[in-house]
Amino acid sequence: MPTYGRAPVEFVRGEGARLWDSEGREYLDFFAGLAVHNAGHCHPRIVAAIRDQAELLGGTSNLFYSEPAMRLCERLSQSSLGGRVFLCNSGAEANECAIKLVRKHAHARGVERPEIVVLDGAFHGRTLAALAATPRLAREDLFGPLPAGFVAVARDDPEAMTAAVGESTAAVLLEPIQGEAGVFCVPDEVLAAAREACDANGALLVFDEVQTGMGRTGSLWAYEQLPVRPDLMTAAKALGGGLPVGACVTSLDLGETLERGEHGSTFAGGAVAASAALAAIEIVDDPASLRSARELGGRLVGELEALDGVADVRGRGLMVGATLDHGLDAAGVAARCLEAGLVINVPGEGMLRFLPPLVIDERDLGRAIETVRDALR
Ligand code: PLP
């Protein structure tokens, strides 16, 4: 179906932060398959993990135990909120699981019509409940009736957040940094207001770390650098090291909210995908890699800010967005970068987004800046 706008390039090979197209041209990748290949393309340890497991056993469903899935759950839980994990196959599915869990939690507290508070500009996925949680795409006229019970508040207004959370709130669901909106950090005051209001009302705080997780911002999970801790976290994208893996992780006391038969997925936790995910976590959860993401990210922000034509730069670690001066055509700039061998993304009108694999080095960064500077000229 014609649901995507595609650039006129076919990539056929990748290695680290490099891609090659079907005509043999080399590119520097500052998009990483939409924040998926944080460990770099075709990392030998991920390739080996996939190959080894594929040769051994592909999977046997979730009706039996499987060591790769159990190890992945353990690794995810121990590295974050300490509770239980539901594995799935995408970011949207991870959020669907979180939505079901917080609604059930609210019903158990006697809330009849639970509400979930989300932020303007949010992106939580394309399935129906995740879509209803995504204000700018939740088109009732096209896809209605959408699931009810989602309320949107401004991204940067702590008072609006406090006012929106009440007795019938099941949860506040937010991305610590909004990626699809163009890389906008949610202010600490809003995060603190959300945490406080949830605690005061018995509601849960859910962080969608689908794009911010897996070392992208310079810590394994973005919340580690923030003043508040969520009750639930969702992850996907880079989690699978290139294979489709999502996860919903709970804090210790919420691990048994969803019970037997209340959620499931055929492919979830498949042995090959889980093995790839375990290898991917080992690669990105490395002090040197995380430090490099923070340092190079800081440099990227600084160098972008210095470019003529750039009005505003935002982000943390290697998740960086820029707004161009009024009237500049971001899509044209990205197309010119692509022609010059640099892959970047346009998340919205007038904006550029940079999501390189975490394995880039200073020279890659220098080359990317040069290419963007030329394209802006
Ligand atoms: N949540 C966030 C923050 C995302 O950025 C995305 C995808 O871009 C999703 C959820 C949806 O993930 P998926 O496309 O794997 O369903």
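The values are calculated or read from the model by the stated rules, or taken from the named source; none is laboratory data. All values derive from a computational prediction rather than experimental measurement. Methodologically, a virtual Cβ is constructed for each residue, glycine included, from the backbone with ideal geometry; neighbour enumeration extends over all protein chains shown. Protein only, heavy atoms only, side chains kept; ligands, DNA and RNA dropped before computing areas. Shrake-Rupley method; radii C 1.70, N 1.55, O 1.52, S 1.80 Å.
For the condition within 29 Å of residue 369 (Cα to Cα) and in a helix (DSSP H, G or I), what is the one hit in 101, 19, 34, 76?
Values: 101 fails: within 29 Å of residue 369 (Cα to Cα); 19 fails: in a helix (DSSP H, G or I); 76 fails: within 29 Å of residue 369 (Cα to Cα).
The conditions single out 34.
Which residue pairs have Cβ atoms under 8 Å apart, sit 6 or more places apart or on different chains, and have a first residue in the stretch 249-260 that is in the same structural domain as residue 105 (by TED's automatic domain parsing) and in a loop (DSSP other than H, G, I, E, B) and a second that is open to solvent by 100 Å² or more (accessible area, probe 1.4 Å) and of a type outside the set (A, V, I, L, M, F, W, C)?
Filtered contacts from the stretch 249-260: 255/84; 256/84.
Conditions first: (1) at positive phi; (2) not assigned by TED's automatic domain parsing to the domain that holds residue 86; (3) not polar (S, T, N, Q). Residue 269 passes all but one, so which condition is the exception?
Going through (1) at positive phi; (2) not assigned by TED's automatic domain parsing to the domain that holds residue 86; (3) not polar (S, T, N, Q) one by one, residue 269 breaks only (2).
Could you please find all residues in the stretch 160-180 being more than 21 Å from residue 314 (Cβ to Cβ), open to solvent by less than 10 Å² (accessible area, probe 1.4 Å) and either among the polar types (S, T, N, Q) or in contact with a Phe, Trp or Tyr (Cβ under 6 Å, 6 or more places away or on another chain) (or both)?
Across the stretch 160-180, the qualifying residue is only 169.
Looking at residue 132, is it more than 19 Å from residue 348 (Cβ to Cβ), without any contact (Cβ under 8 Å) to a residue 40 or more places away in the chain, within 16 Å of the ligand (Cβ to nearest atom) and among the aliphatic types (A, V, I, L, M)? Lay out the reasoning, then the answer.
Details: more than 19 Å from residue 348 (Cβ to Cβ): yes; without any contact (Cβ under 8 Å) to a residue 40 or more places away in the chain: yes; within 16 Å of the ligand (Cβ to nearest atom): yes; among the aliphatic types (A, V, I, L, M): yes.
Considered against the rule, which asks whether it is more than 19 Å from residue 348 (Cβ to Cβ), without any contact (Cβ under 8 Å) to a residue 40 or more places away in the chain, within 16 Å of the ligand (Cβ to nearest atom) and among the aliphatic types (A, V, I, L, M), residue 132 comes out as yes.
Do we have residue 185 as over 15 Å from the mean Cα position of the chain (by Cα) and in the same structural domain as residue 123 (by TED's automatic domain parsing) here? Outline the logic, then answer.
Values: over 15 Å from the mean Cα position of the chain (by Cα): no; in the same structural domain as residue 123 (by TED's automatic domain parsing): yes.
Spelling it out, it is not the case that residue 185 is over 15 Å from the mean Cα position of the chain (by Cα) and in the same structural domain as residue 123 (by TED's automatic domain parsing).
Can you tell me which of 106, 94 is surrounded by 24 or more Cβ atoms within 10 Å (Cβ to Cβ), within 14 Å of the ligand (Cβ to nearest atom), of a type outside the set (S, T, N, Q) and part of a helix (DSSP H, G or I)? Reasoning before the result, please.
On the way: 106 fails: within 14 Å of the ligand (Cβ to nearest atom).
Being surrounded by 24 or more Cβ atoms within 10 Å (Cβ to Cβ), within 14 Å of the ligand (Cβ to nearest atom), of a type outside the set (S, T, N, Q) and part of a helix (DSSP H, G or I) holds for just one of 106, 94, which is 94.
Could you grab me the full set of residues in the stretch 207-242 that are of a type in the set (Asp, Glu) and either more than 10 Å from the ligand (Cβ to nearest atom) or without any contact (Cβ under 8 Å) to a residue 40 or more places away in the chain (or both)? Quick ask: steps written out before the conclusion?
Keep residues of the stretch 207-242 that are of a type in the set (Asp, Glu), which gives 208-209, 224, 231.
209, 224, 231 - these are the residues of the stretch 207-242 that are of a type in the set (Asp, Glu) and either more than 10 Å from the ligand (Cβ to nearest atom) or without any contact (Cβ under 8 Å) to a residue 40 or more places away in the chain (or both).
Yes/no per residue for (1) over 19 Å from residue 184 (Cα atoms); (2) touching a residue at least 40 places away in the same chain (Cβ under 8 Å); (3) within 12 Å of the ligand (Cβ to nearest atom); (4) of a type in the set (D, E, K, R):
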position: 119; (1), (2), (3), (4): no, yes, yes, no
position: 128; (1), (2), (3), (4): yes, no, no, no
position: 140; (1), (2), (3), (4): yes, no, no, yes
position: 154; (1), (2), (3), (4): no, no, no, no
position: 157; (1), (2), (3), (4): no, no, no, yes
position: 160; (1), (2), (3), (4): no, no, no, no
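Determine if the stretch 184-197 includes at least one residue that is on the phi > 0 side of the Ramachandran plot and either within 16 Å of the ligand (Cβ to nearest atom) or touching a Leu at 6+ places or on another chain (Cβ under 7 Å) (or both). Talk me through it step by step, then tell me what you get.
Filtering the stretch 184-197 down to residues on the phi > 0 side of the Ramachandran plot leaves none.
Checked the stretch 184-197: no residue is on the phi > 0 side of the Ramachandran plot and either within 16 Å of the ligand (Cβ to nearest atom) or touching a Leu at 6+ places or on another chain (Cβ under 7 Å) (or both).
State whether the residues of the stretch 227-234 include one that is touching a Leu at 6+ places or on another chain (Cβ under 6 Å) and acidic (Asp, Glu).
yes
Tally up the residues in the stretch 133-151 that are over 15 Å from residue 208 (Cα atoms) and buried (at least 19 other Cβ atoms within 10 Å of the Cβ), please.
Looking only at that region, the number is 2.
I'm told residue 86 meets every condition in (1) in contact (Cβ under 8 Å) with a residue 60 or more places away in the chain; (2) among the hydrophobic types (A, V, I, L, M, F, W, C); (3) assigned to a helix (DSSP H, G or I) except one. Can you identify the failing condition by its number?
(3)
Look through the stretch 109-125, keep the residues that are among the acidic types (Asp, Glu) and farther than 17 Å from residue 176 by Cβ, and return whichever of them is most open to solvent (accessible area, probe 1.4 Å). Spell out how you get there, then give the answer.
Here is the first cut: in the stretch 109-125, the residues among the acidic types (Asp, Glu) are 112, 115, 120.
Add one more test, that the residue is farther than 17 Å from residue 176 by Cβ, and what stays is 112, 115.
Numbers: 112: 157, 115: 62 Å².
Selected residue: 112.
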